[in-house]
Each structure stands twice: as C-alpha cells, then as structure tokens.
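**Student:** Just dropping this structure here.
The values are calculated or read from the model by the stated rules, or taken from the named source; none is laboratory data. All values reported here derive from a predicted model rather than from experimental measurement. Here Cβ is always computed from backbone atoms with ideal geometry, including for glycine, and neighbour counts include all displayed protein chains.
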Amino acid sequence: MSGHAHLDNKLPHQPELATLEGRNKVLGFWLFLGGESVLFGTLFATFLALRDQIADGKPGTELFQLSTVALATFLLLTSSLTSVFATQALHRHNVKSMVNWLIVTVVLGLGFLGLEIYEFFEYVHEGHKFSTSAFSSSFYTLVGFHGAHVAFGVVWITILIAQIFKKGLTVVTAPKIYVAGIYWHFIDVVWVFIFTVVYLMGKVG
Amino acid sequence: MAHSVKRYHGLMDWLTTVDHKKIGILYLLAGGLFFLIGGIEAILIRIQLMQPKLDFVSAETFNELITMHGTTMIFLAVMPIIFALMNAIIPLQIGARDVAFPFLNALGFWTFFFGGVLLNLSWVIGGAPDAGWTSYMPLASNTYSNTHGVDFYSIGLQIAGIGTLLGGINFLVTIINMRAPGMSFMRMPMFTWAVFITSALILFAFPAITVGLVLLTFDRLFGANFFEVANGGNAVLWEHIFWIFGHPEVYILIVPAFGIISEVISTFSRKRLFGYSSMVFATILIGFLGFMVWAHHMFTAGLGPVANALFSIATMLIAVPTGIKIFNWLFTLWGGQLTFNTSSLFAIGFIPTFVMGGVTGVMLASAPADFQYHDSYFVVAHFHYVIVGGLVLGLFSGLHYWWPKMFGRLLNETLGRLTFWTFFIGFHLTFFVQHFLGLMGMPRRVFTYLPNQGFDTLNLISSIGAFLMGVGTIIFLLNITITARKPKDAANDPWGDGRTLEWTIPSPAPEHNFTQIPLVRGLDAYWKEKVAGNKEMPASEPIGPIHMPSASIIPFLMSVGLFIAGFGFMFAKDEFASSFVGMLFNNYIVAIIGLLITFGGMFCRSVFDDHGWHIEPEDLEDKGVKA
Amino acid sequence: MMNRWHAVKRLLPILAGLALLLSACGRADLSTLQPQGPIAEKQYDLMKLSIGMMTVVVVIVFVILGYVLVRFRKRPGQTDIPKQVEGSHKLEIIWTVIPIILLVILVIPTVKYVFEFAEDYSKDKNAVQVKVTSHQYWWEFEYPQYGVKTGQELVIPTSKKISLQLNTADVLHSFWVPSLFGKIDTNPEGTTNKAYFEAPKAGVYFGKCAELCGPSHALMDFKVKAVDDAKFDEWVKEMKAPAVLPEDPALAATFEQKCLSCHAVGDKGGTLGPNLTGIGNKQAIASVLLGTDGTVEENLKTWISDPVKVKPGSKMPKVPLTAEELDGISKYLANYKLNYDNSGN
C-alpha cells in the first residue's frame, strides 16, 4: 500500500473514499449499521412488550430522574455535533482541528457514561435491579447495550486519536476516522429513541 | 518491497490464510464435518423410530439428538457449505481478485468454526441442548432444562452468528464495489444475485436472533426475566423473536440454491437463463416477503384471527415468485441441449422435489388447516423437502459443478450418479411418507410411538430411506477420496459450456484469480465472447503488480478468545473440584481473559496496518499463469 | 379451449382417487383424514381443496419437466448452438396470474374459517366450559359449570359445543385432537388461549400433545370421550359423589396419606396430580399403559412402582409402599369404576 507516501496536502477532498479499501470500509460500515438497527429494533420491541411488567419493582414513573437523563442527552447530542466538526476538519485536511474535536467528543462521551453509571447505581439502590422484573431486565439490557456501544466508541476513538498522532492523516487512517464518526452518529440516533421511548414515555406512564 | 513477503506453510498456512479460495475450502471441510455429525444424529433418530416402543436411545438422549440435529444441520452444516461456495466462486464470477474484507472473511470462518465446536462439545461436557432447535421458553429455561445444554446452544450460536453476519456484510460490499468493469447489476450471474440477496437477508435477520440469544443467555445465566412468566416475562415473545429471524433464515438457505440451479441448468442446457430479469425480481420479492411471514410458524400460539388471516395471505403470496422461478427453469431447459451428468441430475432432481416442498408450504399457509398440520410430521416432511430436497440437492449440484474450479479435479461421474440415485431415492422414501404420518396424527419430536396407531409401516419405510441417504453420502465421500488421488488436470472450462467468468481462469484459480481484470460485455460474459469467436476475455487493465492482503493469525486468535470467553461465562456459577479452577471461573477471570484476547486482536488489527504484498508481473510469467 | 377442458376432465379421476387414498389413511379416532366433528371436517375440506389444487400444479410441472427431459436432451453429434431465448412476457404473465387466481380460491375459505374457528363461546351458557391445564406430562380438565375436575379423559356431551380455555402449569404444550379439532397451544397464565369444538358422534377420540415439552412429550396422550347427554349428566353426578376409600382402614390410611396428598378421588384429596375417580374404567393408565400391556391392575402396579421408568421425567415420585400396600392400592384403584357409561340405553 502506498498510502504512507501521501502527504497531507496531497490528500483528495474525501480521503476516506480515495482507495478501494476505503470505499469498502465505508460501505461495509453503513451496512453494519443496518444490522445494528435491527439489533436495537429488536431490543426496543422487547422493551415495549415488557415495559409494564414491573412485578414487585417500581414503575418508570417513580424511578426515572429526567434531569440527569436530560443532561446526559445534552452531552451526547453535543458530542454528535463535535464529531461532525471533526469530520469536516477531516475533509479540510486540518489534522489539528480534527484531533481537537475528536478529543472533545470523547470527553463528552465519557461524561455521558459517567452519568449513566451514576443513574444505574441510583436505580439499583432503589431496588430496581437487573433481575427484579421483566421491565427492569429489558430496561438494563436496552440502555446497557447502548451504553456499551458508547463505551466501545470512546475507546475506539481514543485509539484512533493515538494513531493519528503516530501515522498522521492518510488514506489509510481517514476511512477509520470517518467510519468512527458515522458510528458515533448512529449511537446518538439510538439514544434519541431511548430518551423518547424509555424515559419520556416511561415518565408519562 | 514486493518480494519480501512472509509465507506460511502447512497447517500454519491454513490457520492464517485470508485467501477466499482457501477459506472456501475451510468452510467446506468444517461444514462437511458438521454435516456428517448431523447426519449421524439423523440416523440415530431414525433407528429409534424404526419400530414402535423401541428403546435404542432414551427419551432424554432423543431430545438432545433432535435439538442438535436441527441446530447442527442449519447453522453448522448447510450454511457453511453455502459459504464455501460463496467464497470459492463469487469473487471469480464477478471478476474480482478477492472479497472486500479478506481479514474479516477469515475471522468469520473461525468464529463460525469455534462456535460450532463449542456447541458440539456439549455432548461431552455437561449435556447437549434438549429444548429443540427452536429452544422455546419456558422449556429452555433453567427450571426445565437444568444442564448446561441450552447455554451451549445460546453461546455457541452467538459466536457462530458473528461469523455469519460478517460474511453477509463482506459479500454485500464485495458484490456492490468489486464487480469487474462492464458488469452492471443486471449482468451479474444468477448465483451472484442469489448470494447478494442472501447476504442482505443475513444482515437484517441475524441481529434479531443475536438479541434473542442474548436475552436467553441473560435469563439463564444472570437471572433476567424476559421469558420468566412469574416476574412478568413473556414466553410467546421468544417465539416472535426466534421466528422473525427464523423465517428469513429459511430463505437465506434456499436462495443460494436457486442461484446454483440457475447456473447449472443454464450451463448444461447450453441456453441463457429464461426470464433473467423476472428471476432477479422474483428472488428480491421472495427475500422481501420472507420478513413478513414469521407468524405463520405461530398460527396455533393464539395470535388471534386477524393476525392469522393476514399472515396466511402474506405467506401464500410467496408462492407466486417461487412459481415464476420454477417455470423459468423449465423454460430454460425447453429448447436446449441438456447434458446429463451428476451436477445436472441433482439440479433436475431439485425441480420436482422443491415444487413438492413448495406446494406443502402453500397448504401450511392456510391457518385453519395448519391447526391440523402444525407440529406434526407433515411439517417435518415439508421443511425437509425444502431444505434437503431443495437446498441439499442444490448444494450437491453446485459442489459437483464447481469442484474442478475449487480443486482442479473433476469428480468421478459413475460414483457421482450413484450418489445422486441413492440420495434422491432415499430422500423421497424418508420424507414422502412423513406427510401421511403427520396427517394420520403423529406429532413431531416424539421419541417413540405406541403400536396400533397406523404409524408402524410408514416409519419403517422412512428409516430405510434415511439409511439410503446415508449410503449416498458415503459414496460421495468415497468419490472425494478417490478424486483427491487423481492429478489436477481440469481445464479452465472443464464442462466446455461455461458461461461465466470463473471458467475463464485456470482450475483451480491462481492466488490472484485474474492476471488482468476482464472487461464484461454482457450477461453470460464468457459465453458471449465464445460465441463471438474470442478465446479469452478482453482485459480491462494492463498487466501490472497485483496487491495482495497479508496472511494473519489474528482472526484465529480472536475466535479462540471468544471460545474461551464462552466457557468462562457458561461455567461462572458452577462449583469445581479444584478451588483454583473454581476461582478462575467464578470470578469471571476466564471470561475476561477470553474477551481480552479478542479485543486485543481487534486492537492489533487497528493499530498495525496491513500493507499487504505484491505479485510482480515477472512472477506471473514465471508461473505461466495467464488469464 | 376444448382441449384444456379435456385435460381437466382427465385430472378429475386422479383427484377423486386421491381423496379416496387419503381417507384410507389412519384410524378414524386419530387421523385428520377421517374427521369426526364439524371443525375437523371443515379443516379436511380445506385440506382436500389445497391438496387437489397443489396436485394439479405438481402434475403440470412434472409433465413439462418430463417432456423437456426427453425432448431436449443433447443428442450425439449436435454442434449447433440452441437459440438463446431471453424470456417471454406472455408466458411470464401466464405463470404469474394463474397462481394468483389459485391462491385467491384458497384464500377465501381460509379467511372464512380463520374467523369462524376463532369465535368465542367462553360466555355461552349453552356451551360446556372446560378449563384445560397442561402439565408435564398430563392434562387437567376443569368444568367450572359443574364443579368437576378430571384428568387425562375429557368427557363431553355430544349435543353441545365445548368451549376451551387453555393454559399450561409449566412449559408450553399443545392440545391436539386430530379427528375432532386440530390444535391450539397452551401458554402460561396471562396468554390464555380459547377454542371450541363439537363431537356429535359418541365415541372415544385420541388426543396428543403437539409441542415439545420434555422427555415424555411423546407419552402425553389423552382421550376425548363423547357421550350422550344423559350419560354426561350421570358422569358429572358420579364424579361429585363422595369418595369411596379402600375398605381396609390401614390401607385407606396409607392411601389418604401417600396418594391423596397429590391426587383426588371424589370430594377428597389434592390437585397436584390427575383426579383418580373412575380410573378403573380408563383405556390407558398414565396415558401409555394399554390393555395390550396388561390388565388395569397390572398397569397400575407397573406405573406406581416406578413412574419415571414408564414416563421419563415424570413428576410423580416413587412412593415408598410395601408390596402389600402396592397390591392393595392397585386393586382398589382398578376397581374404582364409574357406571355412567352403562346407564341409560
């Protein structure tokens, strides 16, 4: 692969699509997200089927603290915006700006994760454990799957930042950054649904 | 740079290969092995049912046998053999040098393999799963299935399922992005189309079962309540999730067979496929409708009349595109010059057999009548007609057809015909009578039956047929063994009537497939050139260095990691004689080690770039491999 | 046009022969092909219609295929290239439209019967209400209108509709009476299923469990016994009569202590196992030990002395009984008969 020979200023406008490998990666990742949509769709369907089955546990109306969740939502939505800035910087070949925006994205993602972990601890404390009811199991599985995706994304983007420092922006690294960006958006979109279906609808009862 | 390539040899070559042709052979070997295991299970089942009240195996063992037979055959035998043909042929058919993601391709194979090994190890550690391949709750819950059997099922299939999903994405991207210049979508060979649609079905169906299996695992290992009725769970929910995957799965299996049959019939009758565009359209429609009919597996579950009526109608609709395909095949044969050989015999045997499986499908679609057929031997007969009479006959046809392209040797024709006749007759003996057993009141999945119910003779016939199918399979194995000792002397186009790009290159294909990527000038590209009097395909590029991906052991190691993690989770709550082993398992240390290996592999793959290596034009001349 | 009609006429005898062949299959009290009640008859009509239509399709494909294989095989010395036909819109429309027409013909009765079979008689006072509860591996039938609970043998009057409400006590099972009604799953509490059927002809019909439910899934047979109204009323009366315990007081005490903790006779006993009232009349003990295996008394002994040997995975424990107690209880139960079947005419 002659990717390393490219200098930043010789990169094409969309470096992620410059090679066949890059085009394959981007298309493959879009398809992968199609599969992920089915995965979350099934989890949502399961949650919707079981959300009223609270057995001896508390219902969502008593449990959910919308203020924490709203803050988490704010962090994640903002991180989606910053990841757009990173991708735009990628297209401008502005490595420094791209890395900075990626770091902001990771920090916001970490903030979201911290809030989610805090929230889960609170719920468990109130007796809303994983094995309490069908509602609790499906709640933790759906929201937890999303949380795991965020955690994976945070680690992934961190590794990519390190790679950018070492290898620079090339036709090999560009598709990785781009793909991580669409992954991050996807996670965000899923969260919008979680916020609506789990929390808002759950708070209404 | 190009000449300093690290090459592995022997076993290490196979463990590290990312070459789609070698991965295809690996899929064939592993799938074949599991096919034999599943076949032995089938024979044991038929021995037990040969006569009423036999005591050949116990009731518990029988339930393990039926569960493992179904699971093994579907997930570990026929799907991998489909993947074997996909890998071996698709890049050649579209004029590509490899698949889009060679590394993921290897990873997909190894996860499937280790998932399958894990599942089958249940026979020796802790008991095999016994709740049926459908694993309905609550029977599959801890309360009613208290061995580790169902854990082996859920974790083994999750690991194997990752491989399938990766394969699906890989082939979608390969087919979309890597077709040779000139090969538009409507010039793709029918097998490529079929694999394209199957891959799309895999992409949208497998995540559903992954979620289902995760939920099942959570219920069994971590005390979740998805299907635990006492805490608000819902047992019928499992049926929905399972069949939302399960029905598309049936089409994932049969659609590649449609593709194979289309190629074989067209080649051996020396005619282009009749109604190519309506074939494509029909296959897409079948794939699409496949997602809207899952509840026909649940007509008796009590979904209510509106759902039953709608799902009845949706299911019947599938008969229309399927019928289009059947008649298109018949009219491809019409006016042709049909050569009879093993491959075409299997393809011709497929047509009436599959039609019979299809019409019983329409019968089953009628919900009120399904109240009688459901879970009886009628259903057993129906799906074996579709899966064995459809898919397995198709696979045999495809294997005989493409064997020279995979291995450079033609299979023995006499033994091949013997395989066909024993297998074909054995198949119909086994399963035709089962329609009547079901209609006469015999439920499926029974480990025995009482005498005087009118079941005795038909069951005996069915068992004899199963033995005959076993004989057919043994003859096939014999054929492979004998052929393997012959010299590799197959021509580029050993059938003489090849129509597609795979027949333009040597058998077996060289490592880089095409020295020059060909230019495609129509449907049945090679045939078109032959008719125009050209011996070779026109090239779309000058001869130059060919970039190749590097071999890697990481896919193997990542899969081993998942395998270890699977055991770690499964036995985390068990008691062990050795306190050290107990400590390792009970604190999830084994599970964590496994996951670390897998994620470590991912990390290495991401951080250390694979620059690949090049085959230089001089090397191509040296080996004398010219396109 | 005439030619086609002739072809159809030629097919008719094939269809008639097929129907004859089908109806020769299996036992009248077990086979779906010899329906004994209105629901099974309608299902059989639907089966005949679909089998007939599908046979025509299969025959057409076979004929074309046979013709093609004979006519268009490669002959020696043939070197010309066959005409490469792209397709034919006319033909393709034909084999799209004809299947659609066939399907419409099948859809109409399908939808009609789907709704007809789903009618709810659970509030109907004239219907006999039965609550079916499936267990690993036996069936419990409760008649809330009559205050009767029985096991393994669903006794019903021939003149009335039987309205079922089905549930399981453990895993999924499926209630199937092939000659009368088809099947419906028994789901856990909360997803209760409803169904109804009739058995206008007096007789005993086979019932089966059709959903894999554990090792003894194959052995979970039951019977549906249809009797005339007078006998049914008599049966209810006898089921509600006070229990008749063994004459020997010691044996009676053992029986009460060791058997009635789970089982019931008459007005006494528990509900964990099937009701034993009138077990002496039953065709089968534990649903699988038949007259061909031994007398009722012998079968009872075989069963009680080792239930799991007869039904793997059975929940009935091996009750510690002395040989005399086993003999006594088996004999007592074998003689515990009801007389309703001999009453009336």
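**Student:** Taking the stated definitions as given, is C:Lys125 out of contact with any strand residue (DSSP E or B) (no Cβ under 8 Å at 6 or more places or on another chain), more than 17 Å from C:Lys231 (Cα to Cα) and not acidic (Asp, Glu)?
**Tutor:** The answer is yes for C:Lys125.
**Student:** Moving to a separate point now. Would you check which residues across segment B:101-117 are more than 17 Å from the chain's Cα centre (by Cα) and surrounded by fewer than 24 Cβ atoms within 10 Å (Cβ to Cβ) and list them?
**Tutor:** First, pick out the residues of segment B:101-117 that are more than 17 Å from the chain's Cα centre (by Cα): B:101-104.
Those that are more than 17 Å from the chain's Cα centre (by Cα) and surrounded by fewer than 24 Cβ atoms within 10 Å (Cβ to Cβ): B:Phe101, B:Phe103, B:Leu104.
**Student:** Oh, and also: Can you find a residue that is within 13 Å of chain B (Cβ to nearest Cβ) and touching a strand residue (DSSP E or B) at 6+ places or on another chain (Cβ under 6 Å) anywhere in segment C:156-164?
**Tutor:** Taking every residue of segment C:156-164 in turn, at least one turns out to be within 13 Å of chain B (Cβ to nearest Cβ) and touching a strand residue (DSSP E or B) at 6+ places or on another chain (Cβ under 6 Å).
**Student:** Just name the residue that is nearest to C:Val63 (Cα to Cα) out of those in segment B:327-350 that are among the β-branched types (Val, Ile, Thr) and crowded, with 21+ Cβ neighbours inside 10 Å.
**Tutor:** B:Ile348
**Student:** Next question. For C:Lys318, only one of the following conditions fails: (1) surrounded by fewer than 20 Cβ atoms within 10 Å (Cβ to Cβ); (2) in contact with a helix residue (DSSP H, G or I) (Cβ under 9 Å, 6 or more places away or on another chain); (3) not in a loop (DSSP other than H, G, I, E, B). What is its number?
**Tutor:** With respect to (1) surrounded by fewer than 20 Cβ atoms within 10 Å (Cβ to Cβ); (2) in contact with a helix residue (DSSP H, G or I) (Cβ under 9 Å, 6 or more places away or on another chain); (3) not in a loop (DSSP other than H, G, I, E, B), C:Lys318 is out only on (3).
**Student:** Something else now. Limited to segment B:266-294, what total is found for residues that are at the interface with chain C (Cβ under 8 Å from one of its Cβ atoms), of a type in the set (Phe, Trp, Tyr) and surrounded by fewer than 22 Cβ atoms within 10 Å (Cβ to Cβ)?
**Tutor:** Selection size over segment B:266-294: 0.
**Student:** Shifting gears a bit: Identify the residue in segment C:272-283 that is in a loop (DSSP other than H, G, I, E, B) and at pLDDT below 85 and, among all such residues, is surrounded by the fewest Cβ atoms within 10 Å (Cβ to Cβ).
**Tutor:** Result: C:Gln283.
**Student:** Scan segment B:414-435 and give yes if some residue there is buried (at least 23 other Cβ atoms within 10 Å of the Cβ), in contact with a helix residue (DSSP H, G or I) (Cβ under 7 Å, 6 or more places away or on another chain) and not in a helix (DSSP H, G or I), otherwise no.
**Tutor:** Looking through segment B:414-435, none of the residues is buried (at least 23 other Cβ atoms within 10 Å of the Cβ), in contact with a helix residue (DSSP H, G or I) (Cβ under 7 Å, 6 or more places away or on another chain) and not in a helix (DSSP H, G or I).
**Student:** Moving to a separate point now. Quick one: which of B:Val355, B:Val380, B:Val359 is within 25 Å of B:Ile260 (Cβ to Cβ) and more than 10 Å from chain C (Cβ to nearest Cβ)?
**Tutor:** Checking each option against the conditions leaves just B:Val380.
**Student:** Within segment C:56-97, which residues are facing chain B (nearest Cβ under 7 Å), within 22 Å of B:Ile318 (Cα to Cα) and outside any helix (DSSP H, G or I)?
**Tutor:** C:Gly87, the sole residue that qualifies.
**Student:** Look through C:Ala210, C:Ala169, C:Ala218 and report the one residue that is more than 10 Å from chain B (Cβ to nearest Cβ) and either farther than 28 Å from B:Ser145 by Cβ or without any contact (Cβ under 8 Å) to a residue 40 or more places away in the chain (or both).
**Tutor:** That would be C:Ala169, the only listed residue that is more than 10 Å from chain B (Cβ to nearest Cβ) and either farther than 28 Å from B:Ser145 by Cβ or without any contact (Cβ under 8 Å) to a residue 40 or more places away in the chain (or both).
**Student:** Could you check how many residues of segment B:165-181 are part of a helix (DSSP H, G or I) and more than 7 Å from chain A (Cβ to nearest Cβ)?
**Tutor:** 7
**Student:** Further question on the same structure: Scanning for something of a type in the set (Phe, Trp, Tyr) and under 30 Å from B:Pro494 (Cβ atoms), does segment B:364-382 turn up at least one residue?
**Tutor:** No - not one qualifying residue is present in segment B:364-382.
**Student:** Provide a single number: the residues in segment A:140-192 that are within 12 Å of chain B (Cβ to nearest Cβ), charged (D, E, K, R) and in contact with a Ser or Thr (Cβ under 9 Å, 6 or more places away or on another chain).
**Tutor:** The number of residues fulfilling the criteria is 2.
**Student:** Same structure, new question: Consider B:Leu364 carefully, then state whether it is farther than 30 Å from C:Gly291 by Cα, away from chain C (no Cβ under 14 Å) and either surrounded by fewer than 24 Cβ atoms within 10 Å (Cβ to Cβ) or touching a helix residue (DSSP H, G or I) at 6+ places or on another chain (Cβ under 8 Å) (or both).
**Tutor:** Judged against the criteria, B:Leu364 is not a match.
**Student:** Of the numbered conditions (1) closer than 22 Å to B:Gly39 by Cα; (2) touching a Gly at 6+ places or on another chain (Cβ under 7 Å); (3) not acidic (Asp, Glu), B:Tyr373 fails exactly one; give the number of that condition.
**Tutor:** Condition not satisfied by B:Tyr373: (1).
**Student:** So B:Phe227 passes all but one of these: (1) in a helix (DSSP H, G or I); (2) more than 7 Å from chain A (Cβ to nearest Cβ). Which condition number does it fail?
**Tutor:** (1)
**Student:** Testing C:His89 on (1) crowded, with 19+ Cβ neighbours inside 10 Å; (2) over 24 Å from C:Asp229 (Cα atoms), one condition comes back false. Which one is that?
**Tutor:** It is condition (1) that C:His89 fails.
**Student:** Condition first: over 30 Å from A:Glu126 (Cα atoms), modelled with pLDDT under 90 and out of contact with any helix residue (DSSP H, G or I) (no Cβ under 9 Å at 6 or more places or on another chain). Can you find one or more residues in segment A:60-71 that meet it?
**Tutor:** no
**Student:** Applying the selection to segment C:30-49, what residues are in contact (Cβ under 8 Å) with a residue 24 or more places away in the chain, facing chain B (nearest Cβ under 7 Å) and in a loop (DSSP other than H, G, I, E, B)?
**Tutor:** C:Leu30, C:Ser31, C:Thr32
**Student:** Here is a further query. Given the conditions (1) within 10 Å of chain C (Cβ to nearest Cβ); (2) touching a residue at least 24 places away in the same chain (Cβ under 8 Å); (3) in a helix (DSSP H, G or I), which single one is not true for B:Ala369?
**Tutor:** Tallying (1) within 10 Å of chain C (Cβ to nearest Cβ); (2) touching a residue at least 24 places away in the same chain (Cβ under 8 Å); (3) in a helix (DSSP H, G or I), B:Ala369 fails exactly one: (2).
**Student:** Can you find even one residue in segment C:289-298 that is of a type in the set (A, V, I, L, M, F, W, C), assigned to a helix (DSSP H, G or I) and surrounded by fewer than 16 Cβ atoms within 10 Å (Cβ to Cβ)?
**Tutor:** Of the residues in segment C:289-298, the ones of a type in the set (A, V, I, L, M, F, W, C) are C:289-290, C:296.
Filter again for assigned to a helix (DSSP H, G or I), leaving C:296.
Filter again for surrounded by fewer than 16 Cβ atoms within 10 Å (Cβ to Cβ), leaving none.
No.
**Student:** Would it be correct to say that B:Tyr144 is outside any helix (DSSP H, G or I), over 26 Å from B:Val264 (Cα atoms), within 14 Å of chain C (Cβ to nearest Cβ) and out of contact with any helix residue (DSSP H, G or I) (no Cβ under 8 Å at 6 or more places or on another chain)?
**Tutor:** On the way: outside any helix (DSSP H, G or I): yes; over 26 Å from B:Val264 (Cα atoms): yes; within 14 Å of chain C (Cβ to nearest Cβ): yes; out of contact with any helix residue (DSSP H, G or I) (no Cβ under 8 Å at 6 or more places or on another chain): yes.
Judged against the criteria, B:Tyr144 is a match.
**Student:** With respect to B:Ile318, is the statement that it is more than 30 Å from A:Ile54 (Cα to Cα), touching a Leu at 6+ places or on another chain (Cβ under 7 Å) and within 14 Å of chain A (Cβ to nearest Cβ) true?
**Tutor:** no
**Student:** May I ask you to say which residue of B:Gly323, B:Gly304 is more than 29 Å from C:Leu91 (Cα to Cα) and among the small types (Gly, Ala, Ser)?
**Tutor:** On the way: B:Gly323 fails: more than 29 Å from C:Leu91 (Cα to Cα).
The unique qualifying residue is B:Gly304.
**Student:** Taking segment C:172-204 as the search range and keeping residues that are at the interface with chain B (Cβ under 8 Å from one of its Cβ atoms) and among the aromatic types (Phe, Trp, Tyr), which one is farthest from B:Val229 (Cα to Cα)?
**Tutor:** This residue is C:Phe181.
**Student:** Further, regarding this structure: Does C:Asp124 satisfy the condition of being over 30 Å from B:Leu338 (Cβ atoms), more than 10 Å from chain B (Cβ to nearest Cβ) and either surrounded by fewer than 21 Cβ atoms within 10 Å (Cβ to Cβ) or touching a residue at least 60 places away in the same chain (Cβ under 8 Å) (or both)?
**Tutor:** Values: over 30 Å from B:Leu338 (Cβ atoms): yes; more than 10 Å from chain B (Cβ to nearest Cβ): yes; either surrounded by fewer than 21 Cβ atoms within 10 Å (Cβ to Cβ) or touching a residue at least 60 places away in the same chain (Cβ under 8 Å) (or both): yes.
Yes: the conditions hold for C:Asp124.
**Student:** Has segment C:16-24 got at least one residue that is over 25 Å from the mean Cα position of the chain (by Cα), farther than 17 Å from B:Tyr373 by Cα and at pLDDT 85 or above?
**Tutor:** no
**Student:** Do you know which residues across segment B:207-224 are at the interface with another protein chain (Cβ under 7 Å from one of its Cβ atoms) and assigned to a helix (DSSP H, G or I)?
**Tutor:** Selection gives B:Pro207, B:Ala208, B:Thr210, B:Val211, B:Leu215, B:Phe218, B:Phe222.
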